[in-house]
Amino acid sequence: MKEESNLSRLLRIAGDHKYLIYASWALSAVSALIALVPYYYIWRVIQEVLEAAPDFSRARDMPHNGWMAVLFSIAAVLVYIAGLMCSHKGAFRIATNLRLQTMEHIVRLPLGFAESFGSGKLRKIVNESSAATEAYLAHQLPDRANAIATPCGLLVLLLVFDWRLGLLSLVPVVLGFLIMMSMTGQRMQEKMKEYQNALDDMSNEAVEYVRGIPVVKTFGQTIFSFKKFKDSIDRYRVWVIAYTKQLRAPMMFYTAAINGVFATLIAGGLLFTQNGVTTEFLLDLIFYIIITPIISVTLTRIMFQSENAMIVDDALQRIDSVLDSKPLEEAKQPKHPKDTSVELQNVRFSYDGTTEVLKGVSLTIPQGRTVAFVGPSGGGKTTLAHLIPRFFDPQSGSIKIGGVDVKEMAKEELMNTVSFVFQNSRLIKASVLENVRMGRPDATREEILAALHNAQCDATLEKLPQGPDTVIGTKGVYLSGGEQQRIAIARVMLKNAPIIILDEATAFADPDNETRVQAAFSRLSEGKTVIMIAHRLSTVAGADRIYVICGGRISESGTSRELLAQGGIFSRMWQNYQTSVQWKVAKEA
């Protein structure tokens with residue numbers, strides 16, 4: 001089966017707007033041919049001047065020929081603008097459809113895809129890669145049609161007036177074209193990928209460095225933290241310099257060739273006028289000297305269009321890296337859970353397909369019970385919680401809610417069944433009210449305010465200039481981590497889902513607010529199934545059952561009393577926690 005070209009794929013995405021793309025090519029080609037007509041009238045002007053000299057009063061048709069050159073130049077510009085209008089409308093539609101296609105696919109992907117893929121990288125692909133196709137279709141393709149039509153019309157002009165000078169002026173063109181071919185092709189495409197990868201690496205390191213500046217300054221690690229960023233800049237510098245030196249010689253010869261048409265014409269003129277100079281030959285030579293600069297401009301445009309085609313190819317490959325990710329399987333005949341119990345049976349999971357993060361985890365959480373996952377960092381607690389709302393699907397084993405495998409539940413029902421508050425809660429650029437309303441879009445203002453009150457957000461709302469209508473984020477108000485967390489908790493309260501997952505939900509709360517948030521959790525969790533993940537063991541002491549997750553397995557389980565009596569991992573963690581709580585900063589005597 002023949003592989004679909006990038007252009008065919010983009011035109012297919014355009015739908016009916018592809019005819020505007022076709023029209024832009026035709027108009028751009030016509031514009032290129034019209035743009036050559038003024039040179040004919042310029043030739044007529046030069047001819048009349050040479051024939052009328054020294055009595056220029058006989059050159060009566062000169063104004064007419066001059067105005068005709070101006071009118072055809074204006075016509076060429078207007079036709080070209082019409083072509084660009086068509087190409088832009090079609091290109092915008094393609095870029096929009098490509099973004100929609102990518103985003104619709106992302107929506108069907110596991111909820112954890114953005115986190116594992118990288119949100120910054122994903123944003124860049126959705127925005128910048130689709131923008132690359134827009135520039136290609138709106139500008140480069142019409143210019144390609146223009147660049148193809150120009151040499152065709154130019155070839156006719158070069159051979160009509162004096163075929164000898166015409167063929168002579170084509171020698172540098174052929175030489176320049178051969179040199180240009182050596183600089184493009186498959187090898188250039190690989191270099192373009194390396195260039196984009198180097199830019200991505202440098203961009204990512206720059207973002208990470210800027211984000212970490214507060215920590216860097218606090219611990220005085222400026223030099224060491226800058227090293228990774230500097231290394232990425234150094235790698236980019238080494239690559240760019242090496243690549244520039246590699247193209248230095250070909251580019252020098254290419255520039256000399258396409259700009260050497262004048263020298264070739266002068267040499268030919270000397271050769272062809274050994275027996276004397278005629279007015280007709282002088283006229284043709286002047287005309288060729290005027291028109292041949294178009295050749296160098298056209299070749300340069302073709303070269304840059306080849307580069308832009310490679311950029312688009314790389315952009316589409318990056319978009320495909322997202323589109324090739326498999327979406328979650330959705331049940332054709334969804335089943336409804338009988339209750340809100342949660343059951344995991346021999347669950348195994350790996351992020352990279354090789355290293356298992358979870359190694360055969362099995363547990364049962366009865367409806368209405370509160371359980372806690374604790375254990376050393378990296379043990380698999382958060383991963384285990386992420387699998388329940390299908391942030392990812394396990395490689396083996398099953399996860400059931402109310403006796404129904406989560407894969408057999410409708411996606412909407414699963415999302416309405418499970419609510420979650422994570423350590424790094426994200427709020428959108430909108431009012432506090434709208435951020436909370438995301439939990440239940442049809443909620444009234446009174447219900448939202450009640451949720452904010454239950455989440456202990458009253459003090460936060462009092463200090464905001466417009467209260468709950470205050471916009472958060474850019475050109476708005478910035479909140480502390482604890483304040484953002486409580487608004488996220490209010491969102492969960494408003495949603496009122498029967499299963500709640502709290503991943504370090506009180507991580508940013510001070511001791512006073514933690515007590516009040518815990519009281520809110522007590523009201524929230526009444527009659528619900530609650531899964532808590534915490535390093536602050538005091539928050540999970542009252543859980544119905546505690547699971548100690550270590551090395552991807554359940555090492556211990558039981559109530560806090562039972563686990564303390566066992567003297568195992570939880571007991572040691574509890575002792576360490578109690579010791580840390582009692583730490584005090586000693587004052588110098």
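Where a number appears in this text, it was derived from the coordinates with a stated rule and is not lab data. A quick note: this is a predicted structure, and the numbers were derived from the prediction, not measured. All Cβ positions, even for glycine, are placed from backbone atoms using ideal geometry, and neighbour counts span all protein chains on display.
Between the range 236-250 and the range 544-569, the alpha-carbon centres lie 60 Å apart. Each Lys and Arg contributes +1 and each Asp and Glu -1, all at the Cβ; summed about the Cα centre of the range 413-457, the dipole is approximately 220 debye. Placing a label point 7 Å from the Cα of Lys429 along the Cα-to-Cβ line, the residues of the range 127-163 whose backbone N sits under 19 Å from it are 127-129, 131. Remark: the Leu178-Met103 segment gains 22.8 nm on full extension, using 0.36 nm per residue and subtracting the alpha carbon distance. Note on Asn496 and Ser398: their simple-model spin labels are 3.2 nm apart, each label 7 Å out from Cα toward Cβ.
Between Glu412 and Leu155, take the C-beta separation as r, use R0 = 45 Å, and let me know the FRET efficiency to the nearest 0.05.
0.10
The label-point distance for Asp339 and Asp16, in a model that sets each label 7 Å from Cα toward Cβ, rounds to 5.6 nm.
In this Cβ point-charge picture (+1 for Lys and Arg, -1 for Asp and Glu), the range 342-581 has a dipole of about 240 debye about its Cα centre. Subtracting the Cα-Cα distance of Gln246 and Leu271 from their residue separation scaled by 0.36 nm leaves 5.2 nm. For Ile148 and Lys228, the FRET efficiency from 1/(1 + (r/R0)^6), where r spans their Cβ atoms and R0 equals 35 Å, is about 0.15.
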